[in-house]
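Each remark here refers to the structure printed beneath this line.
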Amino acid sequence: MEALGSKTAGRSLARGVDVPIVRTNEPIERPEEARALAQRMGYPVLLKAIAGGGGKGMRLVSSDEEFMSAFRDASSEAMNAFGNPSVFLEKYLEKPATSKFKFSPTRTAASFRSANANVPCSAATKK
């Protein structure tokens, strides 16, 4: 759970166990570097604060012209809200597919249930 406190650390953990995630990058400090990456990723992109949540420090950027002001605003808001100005980029999915899961733990195991599968989890639960 500690690793999930940082969005980028949580993504690294997910990638390590082959969980599909939205294309993103590591924290970027320099706005010019971030804009160049956004151009390579293709707009629209999301600028997101490394820390916190609730939409603070997040900006949807649809074009190169609005990138620098969005970076400045997202970074400033992240600093004010969380004490950390670091942001990262994520490819914005305009029409994402969604999946719903139900987690059902027992004393010895857990399972995940979705519309398509009932997949047992091999991790034993602690008493």
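Considering each residue of segment 110-122 in turn, none proves to be modelled with pLDDT of 80 or more and aromatic (Phe, Trp, Tyr).
If you go through segment 50-100 and keep only what is under 20 Å from residue 36 (Cβ atoms) and among the hydrophobic types (A, V, I, L, M, F, W, C), you end up with 50, 60, 61, 67, 68, 70, 71, 74, 87, 88, 89. For segment 53-90, taking the residues that are modelled with pLDDT of 95 or more and among the acidic types (Asp, Glu), the one that is surrounded by the most Cβ atoms within 10 Å (Cβ to Cβ) is identified as 77.
A search for C-beta distances below 6 Å between a residue of segment 26-50 that is over 22 Å from residue 94 (Cα atoms) and any residue that is in a loop (DSSP other than H, G, I, E, B), counting only pairs 6+ apart in sequence or on different chains, returns 27/50; 27/86.
The values are calculated or read from the model by the stated rules, or taken from the named source; none is laboratory data. All of these numbers come straight from a predicted model, not from anything done at the bench. FYI the Cβ positions are ideal-geometry reconstructions off the backbone, even for glycines, and counts take in every protein chain you see.
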